[in-house]
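These notes concern the structure reproduced below.
The values are calculated or read from the model by the stated rules, or taken from the named source; none is laboratory data. Fair warning: this is a prediction, and the values are worked out from it, not measured in the lab. So basically every Cβ, Gly included, is an ideal-geometry build from the backbone, and we count neighbours across all protein chains shown.
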Amino acid sequence: MATKPPEPVRRREPIRRREVVAWAFCDWANSAYSTLLITILVSYLQGFVLTGPAGIRAYGWGLGVSMFLSALCSPVLGAMADARANKRTWLLTTSFLGATGSVLMGLIPTSWPWVFVGLFFVTSLCFELTFGFYNSFLPEISDEASMNRVSGYGFAAGYFGGGMALLAAIVVLKLGQGQEIALSTLLRACLVLMGVWWGLFMLPAAFFLYDHAAPRHAKGLAATAKGAFAEVGRTLNHVRAYSMLALFLLGFLLFNEGIQTVMSQASVFAREVLAMQPAELAMVVLMIQFLATPAALAVGWVSDRFGSKPTLLACLGVWCGLLVGAYFITTTRQFWILGAILAMVMGGTQSVARGMMGLMTPVSKTAEFFGFFNLSARATSMVGPILFAEVLSHTGSANAAILSLLVFIVAGAIVVFRVNLHRGMTQAKAEAS
């Protein structure tokens, strides 16, 4: 049996448990937005603020444009954060702005529809921007032996926190409806809950999470921004020096597009194929959130035990099986079963991918490179949904539409298979030396 080559040492400082906990709580905090977005916020926006096509367009364009701008801005803002060693400041600023926007969406009257849409856009943009700064802390609070496990902690906290926030919103709706409170009022209360949850659980990061790198210079903001653009340009020009990282980002772009489209279009699939009611769909989402919590931890352990790349490829194999199985779904019971299997690999796939990214990232460029990770995650965010919609419209079959997403998973897996993780880590270490 071939001997595994020694991996470059990434970190000599002891891992601080309270920083890991504070970092994981960031995912717990902002997951309230991701779960209530697809259940509460969209219902309130399209049901009470802007009804009909206007609400549909406002929701779609608000999410699409915020993702696109986040993808463009993340590498530059990440380079700025690296230069001034203030990732924590950027993380807290975008998070608390997003939390404030969430609260305000619940407080303003429905007679201010475009103010609501503006707040929705800003909140979504802040939500998307947080991930570049949040992810970039991973190489600083973990080492090569624990990175996948720590990444799993973050995803587990996010899924459990998002599930708890959704459960709290369901309780508010149930209790309020029992008291015959208007549905619009209850939905607004849930939006306030979403923002308070987000802001409250960011407090551990405010107190215990710190930048470990030293500032590279102390220039003014304008000069730093100019330098950041130049730094990103240099990174792109010398991307061959990080060939394995660049190859991995291409693979991640492909398979992540398939995964994100499956998750965003699952409700369309359930409605078209199974005529599933929103209440039951919400319960499926809740089940997935809670099952994904231990699953993310388990996949993180497996990755540390057997290696990041084999674990990621195994997860992608499960995704391929899920999509093939979805083609044959005819009952809600089958949908529940596939949902449970999806939960087993949903967080784990993203967690292991983030861990691999961290292992191949130069320590001095964590925010910038994770900005590119965020860019890779969002750069093609409209391709998958468009493919799904076009196949659905031309065939009239949501089963065929969901199967068409298999092309992204397979292509991504093929690219990831070609990634030499040890070489990528060596390239990252050479940058630091």
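So, Glu140, is that one within 22 Å of Gly199 (Cα to Cα) and of a type in the set (Asp, Glu) or not?
So Glu140 does not fit the description; no.
For region 1-48, what are the residues that are over 27 Å from the mean Cα position of the chain (by Cα) and either crowded, with 19+ Cβ neighbours inside 10 Å or at pLDDT 90 or above (or both)?
If the condition is that a residue be over 27 Å from the mean Cα position of the chain (by Cα) and either crowded, with 19+ Cβ neighbours inside 10 Å or at pLDDT 90 or above (or both), then Phe48 is the only one that fits.
Hey, can you tell me all the residues within region 151-184 that are more than 30 Å from Glu280 (Cβ to Cβ) and surrounded by fewer than 24 Cβ atoms within 10 Å (Cβ to Cβ)?
Tyr153 - this is the single residue of region 151-184 that is more than 30 Å from Glu280 (Cβ to Cβ) and surrounded by fewer than 24 Cβ atoms within 10 Å (Cβ to Cβ).
Just one of Val117, Val122 is out of contact with any Lys or Arg (no Cβ under 6 Å at 6 or more places or on another chain), farther than 20 Å from Pro294 by Cα and without any contact (Cβ under 8 Å) to a residue 60 or more places away in the chain; which is it?
Within the list Val117, Val122, the selection yields Val122.
Given the options Thr293, Thr331, Thr311, name the one that is within 16 Å of Val150 (Cβ to Cβ), surrounded by fewer than 24 Cβ atoms within 10 Å (Cβ to Cβ) and among the polar types (S, T, N, Q).
Thr293
Only residues that are part of a loop (DSSP other than H, G, I, E, B), farther than 21 Å from Leu191 by Cα and at pLDDT 85 or above: list them for region 64-116, please.
Asn86
Contact list please: Cβ distance under 8 Å, first residue in region 392-407 and polar (S, T, N, Q), second residue at pLDDT 90 or above and surrounded by fewer than 17 Cβ atoms within 10 Å (Cβ to Cβ), pairs at least six apart or on different chains.
Final answer for the pair search is Asn399/Tyr327; Asn399/Phe328.
What are the pairs, 6+ residues apart or on separate chains, where a residue within region 335-357 that is over 17 Å from Val150 (Cα atoms) has its Cβ under 9 Å from a residue that is assigned to a helix (DSSP H, G or I) and of a type in the set (S, T, N, Q)?
Ala343/Gln289; Ala343/Thr293
Among what's in region 270-291 and is closer than 15 Å to Gly347 by Cβ and either at pLDDT below 80 or not aliphatic (A, V, I, L, M) (or both), pick the residue that is farthest from the chain's Cα centre (by Cα).
Restricting to residues being closer than 15 Å to Gly347 by Cβ and either at pLDDT below 80 or not aliphatic (A, V, I, L, M) (or both), the top hit is Phe290.
Answer yes or no as to whether Val262 is assigned to a helix (DSSP H, G or I), modelled with pLDDT under 85, closer than 28 Å to Ile170 by Cα and more than 17 Å from the chain's Cα centre (by Cα).
no
It is to be established whether one or more residues within region 123-142 are over 30 Å from Met360 (Cβ atoms), buried (at least 18 other Cβ atoms within 10 Å of the Cβ) and either within 17 Å of the chain's Cα centre (by Cα) or among the aliphatic types (A, V, I, L, M) (or both).
Within region 123-142, one or more residues are over 30 Å from Met360 (Cβ atoms), buried (at least 18 other Cβ atoms within 10 Å of the Cβ) and either within 17 Å of the chain's Cα centre (by Cα) or among the aliphatic types (A, V, I, L, M) (or both).
If we keep just the residues of region 71-98 that are over 22 Å from Val20 (Cα atoms) and touching a Cys at 6+ places or on another chain (Cβ under 9 Å), which is surrounded by the most Cβ atoms within 10 Å (Cβ to Cβ)?
Gly98
Filter region 44-63 down to the residues that are in a loop (DSSP other than H, G, I, E, B) and touching a helix residue (DSSP H, G or I) at 6+ places or on another chain (Cβ under 9 Å), then identify the one that is nearest to Phe137 (Cα to Cα).
Leu50
Out of the residues in region 169-193 that are more than 22 Å from Ser111 (Cβ to Cβ) and among the polar types (S, T, N, Q), state the one that is modelled with the highest pLDDT.
Once the filter is applied, the top-ranked residue is Gln179.
Enumerate the pairs (first residue in region 198-210 and under 24 Å from Leu166 (Cβ atoms); second residue anywhere and assigned to a helix (DSSP H, G or I) and of a type in the set (Ser, Thr, Tyr)) with beta-carbon separation below 7 Å, excluding pairs fewer than 6 apart on the same chain, so at least 6 apart or on different chains.
These pairs meet every condition: Trp198/Tyr33; Trp198/Ser95; Trp198/Ser102; Met202/Ser95.
Here is a yes/no grid of residues against (1) of a type in the set (A, V, I, L, M); (2) more than 18 Å from the chain's Cα centre (by Cα); (3) at pLDDT below 80:
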{"residue": "Val345", "(1), (2), (3)": "yes, no, no"}
{"residue": "Glu368", "(1), (2), (3)": "no, no, yes"}
{"residue": "Asn374", "(1), (2), (3)": "no, no, yes"}
{"residue": "Ser381", "(1), (2), (3)": "no, no, yes"}
{"residue": "Ala389", "(1), (2), (3)": "yes, yes, yes"}
